[in-house]
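What follows is a short report on a single structure.
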Amino acid sequence: MAGNSQRRNRRTSNKKGATVGSGGQRRRGLEGKGPTPPASARKGHVKNRLANAKAKKQATRRPVARRGGKGSSEMVVGRNPVFEALRDGVPATTLYVQQFIDNDERVREALQLAGQRGNIHLMEAPRAELDRMTNGLNHQGLVLQVPPYEYAHPEDLAAAAFDEGEDPLIVALDGVTDPRNLGAVVRSVAAFGGHGVVVPERRAAGMTAGAWKTSAGTAARTPVARATNLTRALEAYQKAGITVVGLAADGDAEVGDLEALDGPVVIVVGSEGKGLSRLVGETCDFLVRIPMPGGAESLNAGVAAGVVLYEAARRRA
């Protein structure tokens with residue numbers, strides 16, 4: 001009995017002191033960690049790697065530039081019109097020449113100009129095929145294919161000006177349906193350092209071969225934008241800090257008195273007969289008139305735009 005008691009005491013005397021507790025770590029370790037995250041959020045899971053790769057690809061993808069859409073392709077028919085289009089730099093993809101055509105001077109000149117371009121295909125076709133292509137028009141053996149015009153987006157014009165550190169100078173056309181007037185405005189915008197022209201998508205002139213010819217080649221360096229809704233496009237310009245000035249016969253001030261032409265401005269020109277539409281007129285910040293001592297009632301769009309562009313360029317010089 002005594003020996004057993006001594007052994008128990010020996011064990012008791014060798015017993016270690018109080019041990020430090022876990023501080024609740026074991027208890028917390030037993031607690032739940034909430035719902036299991038989806039596979040795409042679990043690190044190392046194949047779906048997580050795929051999701052990360054997709055996000056990285058989207059982050060590095062270049063933004064797609066917005067465009068104003070394309071026009072429709074066009075045919076220029078007849079020996080003189082085809083020659084003039086080629087001479088004036090109208091874009092073209094294919095020149096169709098009738099088989100066994102009488103090789104007169106105008107035909108030779110057209111073929112020579114097309115060859116000098118270097119990017120126009122020459123195609124020989126029977127008369128019946130050219131009749132079909134032109135719906136029976138008098139093509140005289142020459143047909144020029146004009147590709148669809150690539151319109152800019154209205155915001156592109158202002159953005160390009162701001163990128164160059166310049167105040168935007170833009171012309172918007174409201175209800176102008178003659179392509180020659182559009183071409184004349186493009187030419188004036190180029191001459192006075194403007195940044196482009198905006199036209200509505202519907203009921204308005206587009207960049208046809210006639211507009212290209214009237215622009216005298218300036219359409220190659222002066223962008224034309226097409227707006228789905230002209231009023232909303234003008235409101236977007238106003239939000240970007242650009243003043244919208246409309247030309248009207250009953251305008252409140254004369255063009256020469258408008259200080260807004262010194263800064264970023266959009267000049268809105270209406271049709272020769274009807275002028276600005278009601279909604280467009282109400283959207284303008286200013287309505288101004290061009291003084292005409294000679295007594296003329298109105299100017300066509302090309303001339304009116306040229307007068308105001310000159311005044312804007314004079315103020316900015």
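The values are calculated or read from the model by the stated rules, or taken from the named source; none is laboratory data. Remember, predicted model here, so these are calculated numbers, not experimental data. Cβ: placed from backbone, ideal geometry, glycine included. Neighbour counts: every protein chain shown. Areas reflect the complete protein model, heavy atoms only, side chains present, ligands, DNA and RNA absent. Shrake-Rupley method; radii C 1.70, N 1.55, O 1.52, S 1.80 Å.
The table for this structure:
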quantity: Selection count where residues are over 16 Å from Met207 (Cα atoms) and not charged (D, E, K, R), scope the range 73-85; calculated: 6
quantity: Scan of the range 216-236 for residues that are of a type outside the set (S, T, N, Q), open to solvent by 30 Å² or more (accessible area, probe 1.4 Å), under 20 Å from Ser277 (Cα atoms) and in contact (Cβ under 8 Å) with a residue 24 or more places away in the chain, ordered by number; calculated: Arg226, Glu235, Ala236
quantity: 1 or more residues over 22 Å from Gly263 (Cβ atoms): qualifying helices (runs of 4 or more DSSP H) within the range 125-235; calculated: 127-133, 179-191, 209-214
quantity: Filtered residue count, the range 279-300, keeping only those that are touching a strand residue (DSSP E or B) at 6+ places or on another chain (Cβ under 7 Å), modelled with pLDDT of 90 or more and not β-branched (Val, Ile, Thr); calculated: 6
quantity: Scope the range 146-200; condition closer than 30 Å to Phe83 by Cβ and acidic (Asp, Glu); matching residues; calculated: Glu150, Asp178
quantity: In the range 69-89, residue farthest from Glu105 (Cα to Cα) [restricted to those that are in contact (Cβ under 8 Å) with a residue 60 or more places away in the chain and among the hydrophobic types (A, V, I, L, M, F, W, C)]; calculated: Met75
quantity: Matching residues in the range 278-297 - criterion: being in a loop (DSSP other than H, G, I, E, B) and either surrounded by 17 or more Cβ atoms within 10 Å (Cβ to Cβ) or touching a Phe, Trp or Tyr at 6+ places or on another chain (Cβ under 9 Å) (or both); calculated: Cys284, Ile290
quantity: Checklist (1) open to solvent by 50 Å² or more (accessible area, probe 1.4 Å); (2) over 21 Å from Ser73 (Cβ atoms); (3) touching a Lys or Arg at 6+ places or on another chain (Cβ under 6 Å); (4) of a type outside the set (Phe, Trp, Tyr) applied to Glu201, failing item; calculated: (2)
quantity: Residue in the range 140-157 that is open to solvent by 50 Å² or more (accessible area, probe 1.4 Å), more than 29 Å from the chain's Cα centre (by Cα) and of a type outside the set (Val, Ile, Thr) present; calculated: yes
quantity: Checklist (1) in contact with a Lys or Arg (Cβ under 6 Å, 6 or more places away or on another chain); (2) closer than 20 Å to Leu169 by Cβ applied to Ala236, failing item; calculated: (1)
quantity: Conditions (1) touching a helix residue (DSSP H, G or I) at 6+ places or on another chain (Cβ under 8 Å); (2) among the charged types (D, E, K, R); (3) without any contact (Cβ under 8 Å) to a residue 60 or more places away in the chain; number of the one not met by Arg203; calculated: (1)
quantity: Among the candidates Thr228, Thr214, residue that is touching a Leu at 6+ places or on another chain (Cβ under 9 Å) and of a type in the set (S, T, N, Q); calculated: Thr214
quantity: Cβ-Cβ under 6 Å pairs, at least 6 apart or on other chains, the range 152-165 side within 14 Å of Val199 (Cα to Cα), far side part of a helix (DSSP H, G or I) and aliphatic (A, V, I, L, M); calculated: Pro154/Ala233
quantity: Meets criteria (at pLDDT 90 or above and either of a type in the set (Asp, Glu) or touching a Ser or Thr at 6+ places or on another chain (Cβ under 9 Å) (or both)) for Glu272; calculated: no
quantity: Sole residue being over 16 Å from Leu279 (Cα atoms), open to solvent by 30 Å² or more (accessible area, probe 1.4 Å), modelled with pLDDT of 95 or more and not aromatic (Phe, Trp, Tyr), chosen from Lys239, Lys213; calculated: Lys239
quantity: Pair list, Cβ < 7 Å and 6+ apart or interchain, from the range 120-146 residues that are of a type in the set (S, T, N, Q) to residues that are not in a loop (DSSP other than H, G, I, E, B); calculated: Thr134/Met75; Thr134/Val77; Thr134/Val143; Gln140/Arg79; Gln145/Met75; Gln145/Thr94
